[in-house]
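Structure first, commentary second.
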Amino acid sequence: DSGTGTETIGYSAAGNPTPVSRTASITVGDTAFIVSQAASTCSLTLNPTSFTVGPEGGAGAFDVDVVTGCNWTATSNASWLTISSAASGGADATITFNVAANTTPGARTGVITVSDKTFTVTQQGANCTLTIDPTSNLSVPSNAFQGTINVTSTCQWTAQSSVGFISVTAGA
């Protein structure tokens, strides 16, 4: 626009979709009028915010909803919880992940962090079975003795003696 005398100049600024503030100027004659615009507040939500899976593991997914232009990165805090797609972005996305099988009897929890939000994965412990053969108590002679116990298990196990005169010599 141009003119002489007294006049009102209108202006507008489009919304700032980025997390970075910006500055521009309007020059009237030889005088600059500076306009500074604040950065967008980056808001991010996860939907859902948690996932529960059985001991066999498997795949899952959750949505990341963001203000356009907000950059985010997803990271896992557990080696058994891996991100398989959409590990970073600047717009809405679906993050997919894989949970490895849990072969231990205890449940475990891992977290995928996206910016300042957390997605919690809880995995159930393995359904364990353990059998030993022989299944009954054993009486041994008074002299030194060696024997074996056969173990069949679907989970990790440890063998240890409760006294000093018996030693576990193999397979512990």
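The values are calculated or read from the model by the stated rules, or taken from the named source; none is laboratory data. None of the values given here were measured: they were computed from a predicted structure. Cβ sites come from the backbone with ideal geometry, for glycine too, and all protein chains shown count toward neighbours. Heavy atoms of the whole protein, side chains included, go into the accessibility calculation; ligands, DNA and RNA do not. Shrake-Rupley method; radii C 1.70, N 1.55, O 1.52, S 1.80 Å.
Using the heavy atoms of the protein chains and a 1.4 angstrom probe, tell me the accessible area per residue for region 121-169 in square angstrom.
With all protein chains present, region 121-169 gives 87 Å² per residue.
I'd like to know which of A100, A87, T4 lies farthest towards the positive end of the charge dipole of the chain, counting +1 on Cβ of Lys and Arg and -1 on Cβ of Asp and Glu.
Comparing the listed Cα positions along the dipole, A100 ranks first.
Along the Cα→Cβ direction, 7 angstrom out, place labels at Q156 and T131. What is the inter-label distance in nm?
2.5 nm
Where does the longest stretch of the chain lie that holds no chymotrypsin sites (Phe, Trp or Tyr not before Pro) found in a DSSP loop with 12 or fewer other Cβ atoms within 10 Å? Write out the running numbers ahead of the final one.
Working: sites that count: Y11, F145, F165.
With chymotrypsin sites (Phe, Trp or Tyr not before Pro) excluded where exposed in loops, the chain gives 12-144 as its longest stretch.
If you take the charge dipole of the chain about its Cα centre, with +1 on Lys and Arg Cβ and -1 on Asp and Glu Cβ, which of T23, L138, A13 is farthest toward its positive end?
With unit charges placed on the Cβ atoms, the residue in question is L138.
Just to be sure I understand: of the beta bridges DSSP finds with both ends in the chain, what percent are antiparallel, rounded to 5?
The answer is about 90 percent antiparallel.
Can you pull the one-decimal nm distance between simple spin-label points at I34 and I149, each 7 Å off the Cα toward Cβ?
8.0 nm
With +1 assigned to the C-beta of every Lys and Arg and -1 to the C-beta of every Asp and Glu, and no other charges, what is the dipole magnitude of the chain about the Cα centre in debye, to the nearest 20?
With only Lys, Arg, Asp and Glu charged at Cβ, the dipole is about 660 debye.
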